[in-house]
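Bear in mind that the values in this text are calculations on the coordinates, not laboratory data. Only a predicted model underlies this, so the values are computations on that prediction, with no experimental measurement involved. When we count neighbours, we look across all protein chains shown, and the Cβ atoms used for this are built from the backbone with ideal geometry, even at glycine.
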Amino acid sequence: MSYAPQSSPALRRLPACLALFWIVFAAPVGAQDRQRLSSEASFTKAPEGPSLGSFAKGAEVQTGKTDGDWIEVSLDGWLFSRSLKATSREGFDAIITARSSENLRQSPGGPVLGKLLNGTLLNKSGTKGGWTEVKRTVW
């Protein structure tokens, strides 16, 4: 089993993070709002943190607080239950264990919102058949 790195050089992600900032930052500073992304955008564990995956072009995200050029985003979607394993790391209760990445979907079997890297930590919030709803705050 391998896990996504939890630290890496920040400069490599700076252009993607700035792109996410400008794509999502249509609302006033500090406002929470749902925004539709006009292009694919990577997200990280924390500002200047390691990559956890990317949102697909057209994904709708809930934005939150800002930290400099970074915008907090609520990740909320569905994954195949078999792609997750229980964990208690860093206050999360699930970790992605399947493949190098896994599709995050809007609903069970629904449109793809993005991809999460193997080793990404999440919180489970529900199940439906072979699907698990997951949540996490990302940047």
Taking a straight Cα-to-Cα line shorter than 23 Å from LYS45, and setting aside same-chain lysines fewer than 8 residues away, one finds LYS57, LYS65, LYS85, LYS115, LYS124, LYS135
Listed highest first by mean packing, meaning other Cβ atoms within 10 Å per residue, what order do 45-53, 103-111 come in?
-> 45-53, 103-111
Reachable aspartates and glutamates from LYS128, Cα under 20 Å, same-chain residues fewer than 8 places away excluded?
-> ASP76, ASP93, GLU102
Sequence-distant residues sharing a close amide H with TRP131 (under 5 Å, placed H) | SER81
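Divide the volume of the convex hull of the Cα atoms of the range 27-105 by its number of residues and quote the answer in cubic angstrom per residue.
Values: hull volume 8.7 nm³, N = 79.
So the per-residue hull volume is 111 Å³.
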